[in-house]
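Asker: Sharing a structure below in structure tokens format, with a few things to ask.
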Amino acid sequence: MELRTLRYFIAVLEAGSLSRAAGSLYIAQPALTAQIKKLEGELGAQLFERSHAGVTPTPAGLQLYEDARRLLSDADAVRDRVLRLPKGPEGSVTVALPLLLVSLLMGPVLASLKRTHPRIRVFVLDDLSLMVKQAMLERRADIGILVDTPAADELNARPFAREAMFFCGKDVQGDVAPLLRPQVVLQTLAREARAMIERGQWQARWLGGASGGGEAAG
């Protein structure tokens, strides 16, 4: 027994005529008649009394009409429930990223992901950059954002964003701007850092000597 055949049966009963039902179903009357006879053979019961005026349902036909309408309604409900199921990928993913990037990135990303993939659950692991890398290596996170990608040889890393760095200050005479080339800047920073360290060591020695002299004078 097929749902299509039950629909044909209901159409015939409600139309009261095989010819009118065939016209509403857009099929040939002989084909419709064959379907009804096949249904009667499957059920082992006569469903219609036929006459020149049309067809009238038998008691078996009336019982089948009630059951068929309920069956077809249930079938339509099943189809609707399946069609209403959410579509798209489903699951959970853990994202690890440095603390400072959480407020900058995750808000818009999570809002967009909720709209496009509502069945995906996202867990955020925020920590220091070193701990983010560790979470990736230990597989506690599925994906992460690292600041120092050259140190991530064990991971499959791809460029995500590049950030420019600027030296800011007032250059009244215009003497500093020509020197702000990357190589010159790095050399200058290294020289200044070395000078600061040397001054710090000299100050430490001077303070140590001054302290010792004070105690001797006392």
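The values are calculated or read from the model by the stated rules, or taken from the named source; none is laboratory data. All figures in this text were calculated on a predicted structure; none of them were measured in a lab. FYI the Cβ positions are ideal-geometry reconstructions off the backbone, even for glycines, and counts take in every protein chain you see. Accessible surface areas use protein heavy atoms only, side chains included; no ligands, DNA or RNA. Shrake-Rupley method; radii C 1.70, N 1.55, O 1.52, S 1.80 Å.
Asker: Which condition breaks for VAL109 when tested against (1) at pLDDT 85 or above; (2) of a type outside the set (Lys, Arg); (3) open to solvent by 50 Å² or more (accessible area, probe 1.4 Å)?
Answerer: The failed condition is (1).
Asker: Between a first residue in segment 98-118 that is over 22 Å from VAL132 (Cβ atoms) and a second residue that is modelled with pLDDT under 85 and open to solvent by less than 50 Å² (accessible area, probe 1.4 Å), which pairs have beta carbons less than 7 Å apart while being 6 or more apart in sequence or on different chains?
Answerer: HIS117/GLY88
Asker: Quick test of your reading of the structure: VAL132 fulfils all but one of (1) part of a helix (DSSP H, G or I); (2) out of contact with any strand residue (DSSP E or B) (no Cβ under 7 Å at 6 or more places or on another chain); (3) hydrophobic (A, V, I, L, M, F, W, C); (4) open to solvent by less than 60 Å² (accessible area, probe 1.4 Å). Name the failing condition by number.
Answerer: So the condition that VAL132 fails would be (2).
Asker: Further question on the same structure: Which residues, taken from segment 1-34, are open to solvent by less than 50 Å² (accessible area, probe 1.4 Å) and touching a residue at least 60 places away in the same chain (Cβ under 8 Å)?
Answerer: LEU6, ILE10
Asker: OK, next. Step by step: first the residues of segment 74-97, then only those that are β-branched (Val, Ile, Thr) and open to solvent by 50 Å² or more (accessible area, probe 1.4 Å), then the one that is nearest to VAL132 (Cα to Cα). Which residue is that?
Answerer: Initial filter on segment 74-97 (β-branched (Val, Ile, Thr)): 78, 82, 93-95.
In the following step, the residues that additionally are open to solvent by 50 Å² or more (accessible area, probe 1.4 Å) were identified as 78, 82.
Details: VAL78: 46, VAL82: 41 Å.
Among those that are β-branched (Val, Ile, Thr) and open to solvent by 50 Å² or more (accessible area, probe 1.4 Å), it is VAL82.
Asker: For the structure I just gave you, tell me whether ALA135 is hydrophobic (A, V, I, L, M, F, W, C), over 30 Å from GLN46 (Cβ atoms) and in contact with a Gly (Cβ under 6 Å, 6 or more places away or on another chain).
Answerer: no
Asker: Going through segment 51-68 one residue at a time, which ones are touching a residue at least 40 places away in the same chain (Cβ under 8 Å) and surrounded by 14 or more Cβ atoms within 10 Å (Cβ to Cβ)?
Answerer: VAL55, PRO57, GLY61, LEU64, TYR65, ALA68
Asker: Is it the case, given these coordinates, that PHE48 is open to solvent by less than 50 Å² (accessible area, probe 1.4 Å) and hydrophobic (A, V, I, L, M, F, W, C)? Explain how you work it out, then say what you get.
Answerer: Numbers: open to solvent by less than 50 Å² (accessible area, probe 1.4 Å): yes; hydrophobic (A, V, I, L, M, F, W, C): yes.
So PHE48 fits the description; yes.
Asker: Would you mind telling me which numbered condition in (1) open to solvent by 100 Å² or more (accessible area, probe 1.4 Å); (2) assigned to a loop (DSSP other than H, G, I, E, B); (3) at pLDDT 80 or above PRO159 fails?
Answerer: With (1) open to solvent by 100 Å² or more (accessible area, probe 1.4 Å); (2) assigned to a loop (DSSP other than H, G, I, E, B); (3) at pLDDT 80 or above applied to PRO159, the lone miss is (3).
Asker: Go through segment 15-29 and give me each residue that's part of a helix (DSSP H, G or I) and within 16 Å of SER51 (Cα to Cα).
Answerer: So in segment 15-29, the residues part of a helix (DSSP H, G or I) come out as 15, 18-25, 29.
Of everything in segment 15-29, those that are part of a helix (DSSP H, G or I) and within 16 Å of SER51 (Cα to Cα) turn out to be ALA15, LEU18, SER19, ARG20, ALA21, GLN29.
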